[in-house]
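A quick write-up on the structure given underneath.
The values are calculated or read from the model by the stated rules, or taken from the named source; none is laboratory data. Small disclaimer: the values here were computed from a predicted structure and weren't measured. Every residue, glycine among them, receives a Cβ derived from its backbone with ideal geometry; neighbour counts consider all protein chains shown.
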Amino acid sequence: MNIDEQLKELLRKIQIPANENLVRIIEIKKKLINTQNFEEAIIINKIEKALLDFISIADTITKHSRTIKIKELFKTNNNMNQTLKEDFFDEEIKKIGAKVQLLME
């Protein structure tokens with residue numbers, strides 16, 4: 001495994017708890033707003049924004065969230081027929097191929 005792959009793997013390990021904690025942060029912020037504790041809600045909102053920025057930047061590098069969304073889609077939609085799954089992946093492959101072609105130019 002080269003250094004680039006090692007760094008991506010380490011970044012993925014950080015992304016997992018970041019994604020999991022984002023839901024908790026949003027719940028805390030909602031409770032603070034409901035209790036009209038706006039000063040604390042503003043602080044939590046800044047933390048939420050920083051976490052979202054991190055997740056967004058990390059996803060640009062690792063594509064972690066996209067992979068998880070695809071897995072969840074197919075896990076929750078097991079009744080999805082095989083042709084539909086193949087069509088979905090064909091479209092994803094076309095998108096990736098187009099990006100690779102742009103990079104090669």
task: Report, ordered by the first and then the second residue, all pairs with beta carbons closer than 9 Å, sequence separation of six or more or different chains, a first member in the range 48-63 that is touching a residue at least 40 places away in the same chain (Cβ under 8 Å), and a second member that is of a type in the set (Ser, Thr, Tyr).
output: 55/65; 58/65; 59/65
message: If a residue must be within 29 Å of residue 6 (Cβ to Cβ) and acidic (Asp, Glu), how many such residues does the range 17-68 contain?
response: 3
statement: Within the range 1-16, the count of residues that are without any contact (Cβ under 8 Å) to a residue 40 or more places away in the chain and not aliphatic (A, V, I, L, M) comes to 6
- line: Counting only residues in the range 15-30 that are loosely packed, with under 14 Cβ neighbours inside 10 Å and more than 16 Å from residue 46 (Cβ to Cβ), the one modelled with the highest pLDDT is identified as 27
task: Evaluate the range 37-55: report whether one residue or more is polar (S, T, N, Q), out of contact with any helix residue (DSSP H, G or I) (no Cβ under 9 Å at 6 or more places or on another chain) and assigned to a helix (DSSP H, G or I).
output: no
message: If I filter the range 17-34 for residues that are touching a residue at least 40 places away in the same chain (Cβ under 8 Å), in a helix (DSSP H, G or I) and not aliphatic (A, V, I, L, M), do I get at least one hit?
response: yes
